[in-house]
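Here's the structure we're looking at; comments come further down.
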Amino acid sequence: MSILKCPTCNQVPRRSLPQNNRLHLLFDAISRKVVADDKLLHHAMWWKTVMKDRWLGYNETVASNGKVIYSLRGTADLTIEELNNFMERVERYAAKHGIYLQD
């Protein structure tokens, strides 16, 4: 089996596009059905940010002046296994709210 590389940067992708597409379908379904703790419906990117904060955490970068800068970890930087773990948590959250995707 050959591994496909990006035609632009020639790097092996860290996660698969089907994984990413499924994750975005989950966030879209959650955004349409789940009322958040603030009693509001929120868009899919809001849910993605909240769940990345909850389950992926932050990267720490030390600036030249010594200040530590925190940035939310992105799903694009995850390995296939890391994205699977994140997706499992999102899917469990969705299932608690009656949301299931077809395989």
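Please treat every number below as a calculation from the coordinates, not as lab data. Fair warning: this is a prediction, and the values are worked out from it, not measured in the lab. Here the Cβ is made from the backbone with ideal geometry for all residues, glycine too, and neighbour counts use every protein chain on show.
Spatially close Lys pairs in the chain, defined by Cα atoms under 30 Å apart and a spacing of eight or more places or different chains, total 12. Once the Cα-Cα distance is subtracted from the 0.36 nm per residue extended length, the residue 63 to residue 88 segment shows a gain of 5.6 nm.
Working from label points 7 Å from Cα in the Cα-to-Cβ sense, the residue 81 to residue 41 distance is 3.9 nm.
Taking the fewest neighbouring Cβ atoms within 10 Å as the starting point, the ordered list for 38, 28, 103 is 103, 38, 28. Just to be sure I follow the definition: excluding the sites themselves, where is the longest run in the chain that has none of the trypsin sites (Lys or Arg not before Pro) in a DSSP loop with at most 12 other Cβ atoms within 10 Å? The segment 68-103 is the longest one with no such site.
Taking every DSSP helix (H) stretch of at least 4 residues in the chain, weighting each as -39,500 (n - 2.57) and dividing the sum by the residue count yields a mean residue ellipticity at 222 nm of -14500 deg cm²/dmol.
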